[in-house]
Amino acid sequence: MSKQLNQNIPEIHIAIITTTSVVQQLKEVILAFPNFKPFFHIIDKQHNFIEAIETLMTHVEVMMFTDSFSYLQAQQHCTFTIPVHHMPGLTTGLYRSLFLVCQTLKPAKLSVDTIEEKYLNKLLNELEHSCELQLFELNKSVPPIEDIIEFHTINYYDGAAIITCIPQVATHLVARAIPFELVTPTKQDMSVAFERSLLSTTSRRNKETQIVYGLLHCHNIEDIMAKSSSPHLLKQKIEQAFAQYVQSLDGHGIHLVNNQYAFMTTRGIFERETRGYKFIPLLKILKENFHLTTSLGVGFGRTAAESGGHAIQALHQSMELNDDVCYIVREDQSVIGPVDLAMQTNYECYQLVVTDRDILHRAEKAGMSASYMSKLMARIAKHNKMDYTAQELATTLNITLRSANRILLKWTDAGLVTIVGEEKVSYKGRPRRIFHLNFCEEEFSTH
């Protein structure tokens, strides 16, 4: 269901060649990159490795390997037609592994693969640990995996502690009951690699210069001014805070009316400064320094007119909450939000427009706007569920049980939901009615 809902959202397809051990971390990190739609290929579950890589290349815009050995294997046998990157754990990941081995084992010998001696010595010096190094360095020709396994096995029985960067080697060492430390990328390594991958794509380069238009609405600025002993000075400070934020975006800002400001910048700068739509410092500054409650709407577009129109739509979304949030409407009218003061990353991504006219008419009858319908459908699509008790709906929509009961009553009167059963929760308690959300089913069936 969620796939149907989001199928028109522009996405950059990325193939991630990885192993089971890090796939969950990858899924968590890539949430910070809403433009990416990932396709995971688990190396240790499939044997036709090269064939799978060649097939994936025809379906994605960029490819990422989570270890350098698999990357070199593919490079040796494939002709890459798209940007391809690898995610070696040679920064924080390697440092973490070395620290664990040196602190716990204090080895006199280390058997290490794929890492250059100069770089390894530098990290060992920082850890104030000296030992004899046995290195298996990779070059352009990829050696048989058996050679690396045998290398480590011989060194282990010679008294060396083993550090490997190759998941396939780790699998064989487990089978031989040989202890080792597997270097895997940390979340920081993953984030840096994803940023590099994103910037290499054609879609990304085309969007870097796309126009971004922002509209800031200050809800209580008049009350704040009225309470101030020096309203003119306060107004100057607020405008200065706004101007400094716009300057950080390398953009252009303007004061429209007493309670509204606007700015323009480019998409590339905006996404980098907001850390992938997660951080809008302006809202926090205005809240903490001036006690202002604000709403921010940001629009993307191919022209100034398009991005300005989308900013107005986004501002309407934000003002419905009236609680220091930002919504973003992209060029295809898909919506991202809310981005709030807590830097929340689990924001929703959904289509702005509900297409069924009959559903919209019934929704208006029940007191729901089109934008609220869109947000509601996004949340329900995320849970892939259309039958709810009032308690479940309250949890899903993050509202009180009283509000959920009131909404369900309106929806029932408008024919948007039907009662399909009851749920007995205890011997003495009253049964809970189960509601089927007809309007979601009808809308999704049109996509």
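The values are calculated or read from the model by the stated rules, or taken from the named source; none is laboratory data. Note that the structure is predicted; figures quoted are calculated from it, not measured. Here the Cβ positions follow ideal geometry from the backbone for every residue, glycine too, while neighbour counts run over all protein chains shown. In case anyone asks, the SASA skips ligands and DNA or RNA and just uses the protein heavy atoms, side chains included. Shrake-Rupley method; radii C 1.70, N 1.55, O 1.52, S 1.80 Å.
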Any chance residue 191 is free of Cβ contacts under 8 Å to residues at least 40 places away in the same chain and within 29 Å of residue 324 (Cα to Cα) = no
Being touching a helix residue (DSSP H, G or I) at 6+ places or on another chain (Cβ under 7 Å), crowded, with 20+ Cβ neighbours inside 10 Å and modelled with pLDDT of 70 or more, is that true of even one residue in segment 339-361?
-> no
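Filter segment 184-195 down to the residues that are open to solvent by less than 10 Å² (accessible area, probe 1.4 Å) and over 16 Å from the mean Cα position of the chain (by Cα) and list them by number.
Across segment 184-195, the qualifying residue is only 185.
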With respect to the numbered conditions (1) open to solvent by 40 Å² or more (accessible area, probe 1.4 Å); (2) within 21 Å of residue 162 (Cα to Cα); (3) in contact (Cβ under 8 Å) with a residue 40 or more places away in the chain, which one is the sole condition not fulfilled by residue 59?
-> (2)
Tell me, which residue of segment 404-447 that is modelled with pLDDT of 80 or more and among the hydroxyl-bearing types (Ser, Thr, Tyr) is nearest to residue 361 (Cα to Cα)?
-> 412
Would you say residue 313 is more than 21 Å from the chain's Cα centre (by Cα) and closer than 24 Å to residue 226 by Cβ?
-> no
Give the residue, chosen from 162, 221, that is open to solvent by less than 30 Å² (accessible area, probe 1.4 Å), modelled with pLDDT of 95 or more and hydrophobic (A, V, I, L, M, F, W, C).
-> 162
Apart from one, (1) of a type outside the set (Lys, Arg); (2) open to solvent by 90 Å² or more (accessible area, probe 1.4 Å); (3) farther than 15 Å from residue 181 by Cα; (4) assigned to a helix (DSSP H, G or I) all hold for residue 121; the odd one out is (2)
Of all residues in segment 86-113 being outside any helix (DSSP H, G or I) and open to solvent by less than 30 Å² (accessible area, probe 1.4 Å), which is nearest to residue 138 (Cα to Cα)?
-> 113
Out of segment 62-85, which residues are open to solvent by less than 40 Å² (accessible area, probe 1.4 Å) and within 26 Å of the chain's Cα centre (by Cα)?
-> 62, 63, 64, 65, 66, 67, 68, 70, 71, 82, 84, 85
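Only one residue in 145, 149 is out of contact with any strand residue (DSSP E or B) (no Cβ under 8 Å at 6 or more places or on another chain), open to solvent by less than 20 Å² (accessible area, probe 1.4 Å) and of a type in the set (A, V, I, L, M). Which one?
Unique residue meeting the criteria: 149.
Let's see how each residue does on (1) modelled with pLDDT of 90 or more; (2) not hydrophobic (A, V, I, L, M, F, W, C):
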site	(1), (2)
64	yes, no
67	no, yes
73	no, yes
78	no, no
87	no, no
104	no, yes
115	no, no
127	no, no
150	yes, yes
Here the residues within segment 93-108 that are touching a residue at least 40 places away in the same chain (Cβ under 8 Å) and over 36 Å from the mean Cα position of the chain (by Cα) are 105, 107, 108
Residue selected from segment 225-249 under the condition of a type in the set (Gly, Ala, Ser) and either in contact with a helix residue (DSSP H, G or I) (Cβ under 8 Å, 6 or more places away or on another chain) or closer than 13 Å to residue 292 by Cβ (or both), by the criterion modelled with the lowest pLDDT | 248
Selection status of residue 111, touching a Phe, Trp or Tyr at 6+ places or on another chain (Cβ under 8 Å), of a type in the set (Gly, Ala, Ser) and in contact (Cβ under 8 Å) with a residue 24 or more places away in the chain = yes
From the set of residues in segment 30-47 that are open to solvent by 70 Å² or more (accessible area, probe 1.4 Å) and at pLDDT below 90, which is farthest from residue 18 (Cα to Cα)?
-> 31
When segment 252-294 is examined, which residues are found to be modelled with pLDDT of 85 or more, open to solvent by less than 30 Å² (accessible area, probe 1.4 Å) and among the small types (Gly, Ala, Ser)?
-> 262
